[in-house]
Amino acid sequence: MNKASLECRHISLSYGSTPVLRDINLKIEPGEFFALLGPSGSGKSTLLRLIAGFNQHQRGELLVDGQDISGVPPHLRQIGMVFQNYALWPHMTVWDNVAFGLVERRESRDAIRRKVGAALDLVGLGDYARRRPAQLSGGQQQRVALARTIVIEPKLLLLDEPLSNLDKNLRVQMREELKNLQRTLGLTTIFVTHDQEEAMTTADRMAVLDQGILQQVGSAAELYDYPQNRFVAGFVGTANLLDGEVTAVDAAGLNFQAHRLGALRLPPPAEPLASGAATLALRPHQVSIAAPQDATDASRLWLDGQVESAEFLGEFSRYRVRVGELALLSDHPHFAGVPLFAPGAPVRLGIDPRQLRLLTA
Ligand code: ADP
């Protein structure tokens, strides 16, 4: 199977005077399972359609295996795309849907029989060849759409919100299937999603987009642990974001004035840092919660607060705690027999200063 690399170099696209993609630079390695992640309207589909050849960028280069394909029409790009609504032919059988592209290319009957059979087996639909799309479940229809695309042996596979039409349980199952299929094929695959959990659980790496600007590229753990800016910290996983100012930096640490909370003394930054506006990002599981008399660990920074609400989630409970004028989230592991803190209870929130991430963008 082909394995192509894809590179976007300074790609920009506007609709009229509205910029939709701004100076996108991105390299996707051969065989990668790559996600374009971002909120609605961030430009993900525009970028995917641009790679397929349905949108044309005004500036920049689009390289497949080092060759600029900017002017190449979609049908000559050897790129397969699965649309969000699958776009199956309703009047054709599953077999004919999958065979369609091969028939158009005038491949031999034997080749078509062999390739369609193999593609249907690969997606587990060998026994469904004679059915029509309306006689299949949503998940099965999606597998037909996948089979129809991979049967033409594309260099790149593009998937537009591949799981959004499926109900929650099926989505989780299909995410696993999609990942296995991608591993089996080894095909460079790019998919669009607005669902960070979907991107984190399936993709090798992902690019986070907001307002047409590529915010950060990395693995799920890299983006989660080391977000480069406030947007990524808030969009990938859940975060407490404390805006404020760095007022002083010295060899022993720094002073951070958190808006509506007050002064915090933090350890010295890992990288050189100037005074000025910054945001502290803290994951809820990094914020411990304790009754005031139990808040004794001197390595932690303790903040006095009051429980506003508690959500029991089984493995852990998520508390919303009022600290000054702020509400912070704290996830607390749950064990049978240990009572939850009740709303209104005075508590202390413990922060490990080494887990803090200070963002200046
Ligand atoms: P996403 O896939 O992240 O939800 P899109 O790529 O669909 O975002 O859209 C990005 C922006 O481009 C949106 O503001 C959208 O309104 C605008 N847009 C998309 N397609 C067109 C178009 N054909 N003409 C004008 N604006 C468009």
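With a requirement of 1 or more residues that are within 22 Å of Ile79 (Cα to Cα) and more than 15 Å from the chain's Cα centre (by Cα), the helices (runs of 4 or more DSSP H) lying completely within the stretch 141-233 that satisfy it span 168-185. Being within 16 Å of the ligand (Cβ to nearest atom), over 25 Å from Glu197 (Cβ atoms) and open to solvent by less than 80 Å² (accessible area, probe 1.4 Å) holds for only one residue in Pro19, Pro30, and it is Pro19. Counting the residues of the stretch 86-120 that are within 12 Å of Leu146 (Cα to Cα) and either without any contact (Cβ under 8 Å) to a residue 24 or more places away in the chain or not hydrophobic (A, V, I, L, M, F, W, C) (or both) gives 2. Of all residues in the stretch 76-91, which are over 11 Å from Asp160 (Cα atoms) and open to solvent by 70 Å² or more (accessible area, probe 1.4 Å)? Correct list: Leu76, Gln78, Trp89, Pro90, His91. Give the stretch 250-273 a look and list any residue that's open to solvent by 60 Å² or more (accessible area, probe 1.4 Å) and either modelled with pLDDT under 85 or basic (Lys, Arg) (or both), or say none. Residues satisfying the conditions are Arg260, Arg265, Ala270, Glu271, Pro272. Scanning the stretch 181-197 for residues that are farther than 20 Å from Ser5 by Cα and surrounded by fewer than 22 Cβ atoms within 10 Å (Cβ to Cβ) gives His194, Asp195, Gln196, Glu197.
Among the residues of the stretch 235-248, is there at least one that is part of a helix (DSSP H, G or I) and of a type in the set (Asp, Glu)? Within the stretch 235-248, none of the residues are part of a helix (DSSP H, G or I) and of a type in the set (Asp, Glu).
When the criteria are applied in full, Val287 fails the requirement of being over 29 Å from Ser317 (Cα atoms), of a type in the set (Val, Ile, Thr) and more than 19 Å from the chain's Cα centre (by Cα).
The values are calculated or read from the model by the stated rules, or taken from the named source; none is laboratory data. Predicted model, so just to flag it, every value in this text is computed and none were measured. Positions of Cβ are generated from backbone atoms using ideal geometry, with glycine treated the same way; all protein chains shown enter the neighbour counts. Note: areas computed on protein heavy atoms with side chains; ligands, DNA, RNA excluded. Shrake-Rupley method; radii C 1.70, N 1.55, O 1.52, S 1.80 Å.
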